[in-house]
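To start, the structure itself, in structure tokens.
The values are calculated or read from the model by the stated rules, or taken from the named source; none is laboratory data. Predicted model only: the values in this text are computed from it and were never measured. Glycine gets a Cβ as well: all are built from the backbone with ideal geometry, and neighbour counts include every protein chain shown. Remember, those area values only see protein heavy atoms, side chains included, never the ligands or the DNA or RNA. Shrake-Rupley method; radii C 1.70, N 1.55, O 1.52, S 1.80 Å.
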Amino acid sequence: MQPSSALATARHPERRLTLRELLDDLVADGLVPAVIADELATRHAGRRSEVHPLVLLADQKWPDPRNAKKLLSLESLTEWLAGKVGLPYLHIDPFKIDFAAVTKVMSNAYAKRFAILPVQVTAKECVVATCEPWVREWEKELARILKLDIRRVVASPLDIATYLVEFYNLARSVAGAQKQKNADVSEIANFEQLVQLGQRGNLDANDRHIVHIVDWIFQYAFEQRASDIHMEPRREASNVRFRIDGVLHQVYQIPTPVMAAMTSRIKILGRMDVVEKRRPQDGRIKTITPDGAEVELRLSTMPTAFGEKLVMRIFNPDVIVKDFSALGFSEDDSAKWRRMIAQPHGIILVTGPTGSGKTTTLYSTLKQLATGDVNVCTVEDPIEMVEPSFNQMQVHQAIGLDFAAGVRTLMRQDPDIIMVGEIRDMETAEMAIQAALTGHLVLSTLHTNDAPSAITRLLDIGVPAYLLHSTILGVMAQRLLRTLCPHCREPGVVDDETWKMLISPWNAEKPAQAYYPQGCLECRMTGYSGRVGIYEIMLMTAAIKRLVTPDADPMAIRDQAFRTGMKPLRVAGALKVAQGITSIDEVLKAAPPAMGERRSLKGLQAP
């Protein structure tokens, strides 16, 4: 589709795009009514504006005739422009760009002058993003200087302007940091250090360049909805990675001396021992996101062959005010959970692997229980999020303050509700049981694959069966599933055999259609955006208690739990598939098969 138009003509003088020519072509393509286009052109006639005409058009928020559910956004208008001028369209993804390499291609002033941004450099070509397709005087000049082929792509003017500043500022800070050398390289805690004699290598953690790089890493992580930041030292170039929706993404490679200085800077912010690099440390930082929200970061360092690895887990305080439906509870799950937490005393267990959302569930529950007439106390290792409505205590093994000692202390603090971070051993389990027997509601976690396995795990560590009968109120296992991106999910079908195996031993009607991930700009081409919980709740009924004996059979407990209404995690996931929330592949990956199941399942099939 290349109609004769202002944009599609063969030859163009060296000039910038105008609002009038873009409007004429939008009208010619049937995307904007002529009356509305003329009105906008008249309103801006004779005005000199620094705003790119594509941005002006996107600000109008006109509906897109090609898709009734969408507007003529800046991305869609930029993609349309690329098609009109016969150039490839590129959505700039910072995760896929080598900042250090592309910023060496041209100076910041040169890129700003022509509103261009280098985005990729190879041995043969340099790819340059532009939002002004008829400004080309730089192309031949750059090809001659670089001795490379120049390939132009069209990108959003706002992306070019934003990343032009970010890329060059970050590259400038890294280069500046490398020049500020003030200590011997041997001070870096590097197991396999390549010592270059006569060179200095350790950097000042308070250098303004290091401060800028660390601030950029934090802000970028907040913008990308990252849950964890990984800083991983290597011999030459160290990695920065973000975990987004449970998946790690490479963000940037930084010279190892700069990474060491960044780690020191973050340790200073977290009030950690900067000098000590040989043993693991924990710390925390409270900061503000660019939009003004408070965020806590939990820090953890680990000595590795090439220096200290630092992982920062990002906790948004807003997550603990979610209601149970927002966490992914079905109406039935919510009713069962509320019934358990309404009990005056007993033990409630939440199980699942690390990163399955146990902390969010417990904090959200405690937040709802922590009213003015209730004393809520927790003992954690470490304290995940500081919450003013709880009385929180952190385990400190060095002084003998473990979970068991912590619970023993809390019982003398007149608590109503106690949360124990994790039941790891017999001593902690005994203290939790004593607390429940003396009239307290106790919430805690275990690491088991499903809810029935929690009972056998407690029996294995030595808890007598009769104490479990009188204290355990119920067990909930949980997982987190990535949710399908609503902008690009595509309908698909599920074959009968797959659905039957997914919902076994339950019976649920197969959905007329399910959805599978496609990938778009909104979800970073992953097909998923956000996560939701699935839950398996086992109430300790009289029938299940009869099966809790010193040599209890986990299969028998599980079968009885099914008969009394427990939905397996796979079934809970299948119901989320039927609602169009997630995909079958995601359920198969995250939710364990039913105990004893060894059959392979087919995935979602596109029609």
Quiz prompt | Selected residue (criterion: surrounded by the fewest Cβ atoms within 10 Å (Cβ to Cβ)) from residues of segment 340-355 that are closer than 21 Å to residue 479 by Cα and either out of contact with any Gly (no Cβ under 8 Å at 6 or more places or on another chain) or without any contact (Cβ under 8 Å) to a residue 12 or more places away in the chain (or both) | solution = 354
Self-check item: Output for segment 488-505, where each listed residue is touching a helix residue (DSSP H, G or I) at 6+ places or on another chain (Cβ under 6 Å) and either surrounded by fewer than 16 Cβ atoms within 10 Å (Cβ to Cβ) or free of Cβ contacts under 8 Å to residues at least 12 places away in the same chain (or both)
Solution: 505
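Hey, does segment 309-327 have a residue that's farther than 22 Å from residue 386 by Cα, part of a strand (DSSP E or B) and open to solvent by less than 20 Å² (accessible area, probe 1.4 Å)? Give the steps one after another, and end with the answer.
Applying the first criterion (farther than 22 Å from residue 386 by Cα) to segment 309-327 yields 309, 325.
Next, only the ones that are part of a strand (DSSP E or B) stay: 309.
Narrowing further to those that are open to solvent by less than 20 Å² (accessible area, probe 1.4 Å): none.
No, that holds for no residue.
Condition check ((1) open to solvent by 30 Å² or more (accessible area, probe 1.4 Å); (2) part of a helix (DSSP H, G or I); (3) in contact with a Leu (Cβ under 9 Å, 6 or more places away or on another chain); (4) under 26 Å from residue 208 (Cβ atoms)) across all residues:
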{"site": "80", "(1), (2), (3), (4)": "no, yes, yes, no"}
{"site": "87", "(1), (2), (3), (4)": "yes, no, yes, no"}
{"site": "106", "(1), (2), (3), (4)": "no, no, yes, yes"}
{"site": "127", "(1), (2), (3), (4)": "no, no, yes, no"}
{"site": "162", "(1), (2), (3), (4)": "yes, yes, no, yes"}
{"site": "166", "(1), (2), (3), (4)": "yes, yes, no, yes"}
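Tell me the residue from 516, 528, 535, 466 that is over 20 Å from residue 333 (Cα atoms), touching a Gly at 6+ places or on another chain (Cβ under 8 Å) and at pLDDT 85 or above, please.
Details: 528 fails: touching a Gly at 6+ places or on another chain (Cβ under 8 Å); 535 fails: over 20 Å from residue 333 (Cα atoms); 466 fails: touching a Gly at 6+ places or on another chain (Cβ under 8 Å).
Checking each option against the conditions leaves just 516.
For segment 413-439, give me the residue count where each residue is assigned to a helix (DSSP H, G or I) and open to solvent by 40 Å² or more (accessible area, probe 1.4 Å).
Start the filter on segment 413-439 by keeping residues that are assigned to a helix (DSSP H, G or I), which leaves 426-437.
After this cut, where a residue has to be open to solvent by 40 Å² or more (accessible area, probe 1.4 Å) as well, the list is 426-427, 430, 434, 437.
So the count comes out to 5.
From the list 49, 76, exactly one residue is at pLDDT 90 or above and surrounded by fewer than 19 Cβ atoms within 10 Å (Cβ to Cβ). Which is it? Step through it out loud before you land on a result.
Numbers: 49 fails: at pLDDT 90 or above.
Testing whether each residue is at pLDDT 90 or above and surrounded by fewer than 19 Cβ atoms within 10 Å (Cβ to Cβ) leaves just 76.
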Quiz item: Could we say that residue 485 is crowded, with 21+ Cβ neighbours inside 10 Å and either more than 30 Å from residue 155 (Cα to Cα) or among the hydrophobic types (A, V, I, L, M, F, W, C) (or both) here?
Solution: yes
Practice problem: Would you mind stating whether residue 564 is open to solvent by 30 Å² or more (accessible area, probe 1.4 Å), β-branched (Val, Ile, Thr) and without any contact (Cβ under 8 Å) to a residue 40 or more places away in the chain? | Solution: yes
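If a residue must be of a type in the set (S, T, N, Q), in contact with a Ser or Thr (Cβ under 7 Å, 6 or more places away or on another chain) and touching a residue at least 24 places away in the same chain (Cβ under 8 Å), how many such residues does segment 323-339 contain?
Of all residues in segment 323-339, those of a type in the set (S, T, N, Q) come to 325, 330, 334.
Imposing the further condition that a residue be in contact with a Ser or Thr (Cβ under 7 Å, 6 or more places away or on another chain) reduces the set to 325, 334.
Among the residues that remain, those that are also touching a residue at least 24 places away in the same chain (Cβ under 8 Å) are: none.
Going through segment 323-339 one residue at a time, the tally reaches 0.
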Quiz item: In segment 101-128, what count of residues is obtained for those that are in contact with a helix residue (DSSP H, G or I) (Cβ under 6 Å, 6 or more places away or on another chain) and hydroxyl-bearing (Ser, Thr, Tyr)?
Solution: 1
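Tell me, please, whether a residue that is touching a residue at least 40 places away in the same chain (Cβ under 8 Å) and open to solvent by 20 Å² or more (accessible area, probe 1.4 Å) can be found in segment 138-147.
Looking only at segment 138-147, we keep the residues that are touching a residue at least 40 places away in the same chain (Cβ under 8 Å), and these are 146.
After this cut, where a residue has to be open to solvent by 20 Å² or more (accessible area, probe 1.4 Å) as well, the list is 146.
Taking every residue of segment 138-147 in turn, at least one turns out to be touching a residue at least 40 places away in the same chain (Cβ under 8 Å) and open to solvent by 20 Å² or more (accessible area, probe 1.4 Å).
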Quiz item: When you go through (1) out of contact with any Lys or Arg (no Cβ under 8 Å at 6 or more places or on another chain); (2) within 22 Å of residue 162 (Cα to Cα) one by one for residue 144, which number turns out not to apply?
Solution: (2)
Quiz item: Any idea which residue in segment 488-513 is nearest to residue 581 (Cα to Cα), counting only those that are within 29 Å of the chain's Cα centre (by Cα) and part of a loop (DSSP other than H, G, I, E, B)?
Solution: 489
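Just to be sure I understand, how many residues within segment 373-384 are surrounded by 21 or more Cβ atoms within 10 Å (Cβ to Cβ) and either in a loop (DSSP other than H, G, I, E, B) or of a type in the set (Asp, Glu) (or both)? Steps first, please.
From segment 373-384, those surrounded by 21 or more Cβ atoms within 10 Å (Cβ to Cβ) are 376-379, 384; that's our starting set.
In the following step, the residues that additionally are either in a loop (DSSP other than H, G, I, E, B) or of a type in the set (Asp, Glu) (or both) were identified as 384.
So the answer is 1.
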Practice problem: Check 457, 531 and return the single one that is under 30 Å from residue 348 (Cα atoms) and not in a helix (DSSP H, G or I). | Solution: 531
Quiz item: Just for segment 514-543: of the residues that are within 27 Å of residue 562 (Cα to Cα) and without any contact (Cβ under 8 Å) to a residue 40 or more places away in the chain, which one is surrounded by the most Cβ atoms within 10 Å (Cβ to Cβ)?
Solution: 541
Exercise. Consider only pairs whose beta carbons are under 7 Å apart and that are at least six residues apart or on different chains; among these, list those whose first residue lies in segment 358-378 and is over 22 Å from residue 412 (Cβ atoms) and whose second residue is open to solvent by 50 Å² or more (accessible area, probe 1.4 Å) and hydrophobic (A, V, I, L, M, F, W, C).
Key: 367/321
Practice problem: May I ask you to list pairs of residues, at least six apart or on different chains, whose Cβ atoms are under 6 Å apart, with the first in segment 431-444 being on the phi > 0 side of the Ramachandran plot and the second being open to solvent by 10 Å² or more (accessible area, probe 1.4 Å)? | Solution: 439/345
Practice problem: Kindly indicate which of 407, 442 is open to solvent by less than 10 Å² (accessible area, probe 1.4 Å), in a helix (DSSP H, G or I) and of a type in the set (Val, Ile, Thr). | Solution: 407
